[in-house]
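The values are calculated or read from the model by the stated rules, or taken from the named source; none is laboratory data. Small disclaimer: the values here were computed from a predicted structure and weren't measured. Virtual Cβ from ideal backbone geometry, glycine too; neighbours counted across all protein chains shown.
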């Protein structure tokens, strides 16, 4: 029986995971990744449809997936997520009326947007009116159309388009309780940060129920570009320096300055990392100030760019939260993927989104 396939089209590469469900844990059947040429996807948005389609054809030849049906994910600056309160009505009716109800809630023309609503809770206003609180998602129709076009040019069949933040939650979120009490008192509030090349997903949830979502248009590639710009070196050399130096220990002694290439790179990397960490911390500060719920208990860090040495410590210092770097693979049975343990380990950090998309489709 064919499994469900999640397809993540990122800025630096395309990656897909095939997951089959059964009794107990889901099984990872296939996992593959193919790099994209520079500029084919910019900040999470498809720019060169033909180049992306070619990479997808290579991905399917490499991964040997059992089906061409795929679940897609989106996350970029042309996707907006807002927590809103709307008059209660059956969910199907509410979604059908979103174009009328959301006109003043999203910063884009409604006729150019694709809309969805993720319900969180029902409550009663002081006036006695029955209301529904939830997450309104609006995505640029043009952006989604280009994504779907690239997939279809590769002879693949898109079956759904999901917010990658929700895929990340499915993939690595700690769901403590299932059922109506999942977000009740005593259930820890968990923060998740998934750092990609140019997009970082920031999410807060309680027992699997998303409470806050923010998409930051910055990631690991921006750190590399900061080093390249400061030193005037090629991107490849800047990436090498980034991996060698890491984000640095937040409380360690500053190395003695000698004006070397490494010193300039370290300073550029420190400045760029501080900007990313400040945006993440600011997101959590906003959530805490506006939610009125239990404080965040801990933070999970994932994504291809989460491998940067010292990033977890920098985040922990800035947020005052315990931080743990995770991948989805320990939660899955590993099937006959055709990959060695070493190859799986290399792909694991960037597998969070495609695995989560596949789990949603399954």
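Where helices (runs of 4 or more DSSP H) sit wholly within the range 253-358, those with at least 3 residues that are closer than 30 Å to residue 159 by Cβ occupy 341-347.
Name every residue in the range 32-63 that is under 14 Å from residue 15 (Cβ atoms) and part of a helix (DSSP H, G or I), in order of residue number. The answer is 52, 55, 56, 58, 59, 60, 62, 63. Inspection of the range 80-91 finds no residue satisfying the criterion of being touching a helix residue (DSSP H, G or I) at 6+ places or on another chain (Cβ under 7 Å) and outside any strand (DSSP E or B). When residue 323 is tested against (1) closer than 16 Å to residue 280 by Cα; (2) at pLDDT below 95, just one condition goes unmet, and that condition is (2).
Pairs are defined by a Cβ separation below 6 Å, a sequence spacing of at least 6 or placement on different chains, a first member in the range 85-106 that is closer than 20 Å to residue 212 by Cα, and a second member that is assigned to a helix (DSSP H, G or I) and modelled with pLDDT under 90; the pairs so defined are 86/101. Among the residues in the range 43-63, are any over 20 Å from residue 145 (Cα atoms), surrounded by 18 or more Cβ atoms within 10 Å (Cβ to Cβ) and in contact with a strand residue (DSSP E or B) (Cβ under 6 Å, 6 or more places away or on another chain)? Yes, there is a match, as at least one residue in the range 43-63 is over 20 Å from residue 145 (Cα atoms), surrounded by 18 or more Cβ atoms within 10 Å (Cβ to Cβ) and in contact with a strand residue (DSSP E or B) (Cβ under 6 Å, 6 or more places away or on another chain). Summed over the range 88-105, residues that are under 21 Å from residue 160 (Cβ atoms) and surrounded by 11 or more Cβ atoms within 10 Å (Cβ to Cβ) total 7.
Tally up the residues in the range 336-345 that are crowded, with 16+ Cβ neighbours inside 10 Å and more than 19 Å from residue 306 (Cα to Cα), please. The qualifying residues number 2. Considering 360, 356, the condition of being in contact (Cβ under 8 Å) with a residue 40 or more places away in the chain and farther than 23 Å from residue 221 by Cα is satisfied by 360 alone. All of 301, 311, 315 fail the test of being within 20 Å of the chain's Cα centre (by Cα), within 22 Å of residue 8 (Cα to Cα) and in contact (Cβ under 8 Å) with a residue 40 or more places away in the chain, apart from 301.
Selection of the range 23-32 for residues being surrounded by fewer than 22 Cβ atoms within 10 Å (Cβ to Cβ) and on the phi < 0 side of the Ramachandran plot yields 23, 25, 26, 27. Residue by residue through the range 226-250, note down the ones that are in a helix (DSSP H, G or I), closer than 13 Å to residue 271 by Cα and either out of contact with any helix residue (DSSP H, G or I) (no Cβ under 9 Å at 6 or more places or on another chain) or in contact (Cβ under 8 Å) with a residue 40 or more places away in the chain (or both). Answer for the range 226-250, where residues must be in a helix (DSSP H, G or I), closer than 13 Å to residue 271 by Cα and either out of contact with any helix residue (DSSP H, G or I) (no Cβ under 9 Å at 6 or more places or on another chain) or in contact (Cβ under 8 Å) with a residue 40 or more places away in the chain (or both): 226, 227, 242. Based on what the data block shows, is residue 15 farther than 19 Å from residue 149 by Cα, crowded, with 22+ Cβ neighbours inside 10 Å, in contact with a helix residue (DSSP H, G or I) (Cβ under 6 Å, 6 or more places away or on another chain) and modelled with pLDDT of 95 or more? So residue 15 does not fit the description; no.
Going through (1) at pLDDT 95 or above; (2) in contact with a strand residue (DSSP E or B) (Cβ under 9 Å, 6 or more places away or on another chain) one by one, residue 281 falls short only on (2).
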